[in-house]
1. Identify which of the listed values of Cα Rg over 2.2 N^0.38 Å was calculated from the structure shown: [x] 0.92; [y] 1.04; [z] 0.99.
2. Ratio of Rg to Rh for the range 1-158, alpha carbon only, Kirkwood?
3. Given the options ASP92, ASP153, ASP23, which has the most mean-square fluctuation in a GNM of the chain, springs set between C-alpha atoms less than 10 angstrom apart?
4. Which whole-number percent is the relative contact order of the range 249-378 (Cα, under 8 Å, 6+ apart)?
5. For LEU291, which sequence-distant residues (separation of 5 or more, or a different chain) have an amide H within less than 5 Å of its own amide H, given hydrogens modelled in the peptide plane?
6. Given a 1.4 angstrom probe, I'd like the percentage of the accessible area of the chain that is carbon and sulfur, rounded to a whole number.
7. Compute the Kirkwood hydrodynamic radius of the range 44-134, taking the inverse of the mean of 1/r over all pairs of distinct Cα atoms, and give it in Å to one decimal.
8. Accessible area per residue of the range 45-123 at 1.4 Å probe, in Å²?
Amino acid sequence: MRASLRAAAIHTARAVYALNWFDISPALIYISRQLDLSIPQLGLMTTGFYIGLATFQLLGGILASRLGNRLTATLGISILGLASIVTGLSQDLPELFASRFFAGMGSAFFFSPALGSLSEIVPRDRYTVHVGIYNGAFNIGAGTGVLGWAYLDRIMSWRITMSLGGALALALGAVSYVALMGVSEHRSVGRALSSNLKRVVASRYLWIVPVAGIAPMVAETITGQFMVYYLETGLHSGTATAGTVSSLFLFLGFIGGLVGGMQFQRTRRKMGTFIAVLVLTGALLVAVALLRNIYAVSLSLVAMGMLTVDGFSILYAIAAFFVHDRSMVSFSLAFVNFMQQVLSIAFPFAFTYVDALSGYTPAWLSMAAISFAALPLLALVGKGELRRLGQWRRAEGG
């Protein structure tokens, strides 16, 4: 099978994977009414997903290094699909929390192995572009989950639509497993695995950059999970309008991944580009906090969506670039994502807690403050590492 078709299978699975993250967003209003849950309880439920995601992120990377990317990614998307079906069957908050926890676990097993598979399939000088497409595919799937499922939830039960998303995940897991048959995979076993894992964890760079670059994670977590609910209850828009506006953040983020990936591959000012993306993302969180006009909010969300995907693409491309052992690509990506997911566990609950105390404006501003507060950590990146980033384009042959 051609490399482009294999890559397409991974990108499609990534989109369905994302759909199963965000189809919960338009369902929140119905879950709240049917099960009589408050907004802090909704925040706790969605936090369960991120706890599972963070807890199993590193294990997913280790399994991929030991067992291979193909098997680990298939296991992950299958667990996600089953957990989404269970979410649709849940009758109370503990059951919802548990199902979202396992959905997060499955997501953790899929993310870095699937991205690691791309590094095995596509040429090195095209990897950054495919990282952008991979992240853009996430937004296409997430946008479908928000907009499409907002419509489906109105004409069907949210329980049925959650099960539908899970079934799609199971189907795409099978398709991608077959598509990746025959792909040569780099693995580590025994002492080599232990030594390579220690080398990745000892990298100061891989500790600093994901924390300093937390802004895209803040934007994705809060906007993706709560924008529909915010527009419905904060700006008093209808469900259809809320779903449409929120989908702009997700659908048009694909452009940010595609264009941003190509631009980052070419520029020599890679760290400067990363900083600019982070600052602008934080500024747009402030804009959402202060704006009350639905059209102005929509424009802010379009820009934020593109910058969010661009920020993730830059982060993952840098993480993969600094790994010399190909068997460790998945683990390094998992480690970077783990760092961000650990922090993101607190975001949904913090946002809903501040909202309950002081309202939506302070809640959004608190998220922007977190984004800006982390930026100074980039000053700790060594000059040698910055010099290597500047030479990246030459190393790729660009």
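1. Computing Cα Rg over 2.2 N^0.38 Å and matching it to [x] 0.92; [y] 1.04; [z] 0.99 gives [x].
2. On the way: Rg = 16.4 Å, Rh = 16.1 Å.
My calculation of the ratio gives 1.02.
3. Checking each option, the largest mean-square fluctuation is seen for ASP92.
4. Here the relative contact order equals 33 percent.
5. Counting only residues 5 or more places away or on other chains, the set is empty.
6. Carbon plus sulfur share of accessible area: 67 percent.
7. 13.6 Å
8. On a per-residue basis, 27 Å².
The values are calculated or read from the model by the stated rules, or taken from the named source; none is laboratory data. Quick caveat, the model's predicted, so the values are computed rather than measured. Cβ atoms come from the backbone with ideal geometry, glycine included; neighbour counts cover every protein chain shown. Please note that ligands, DNA and RNA were not included when accessible areas were found on the heavy atoms of the full protein model with its side chains. Shrake-Rupley method; radii C 1.70, N 1.55, O 1.52, S 1.80 Å.
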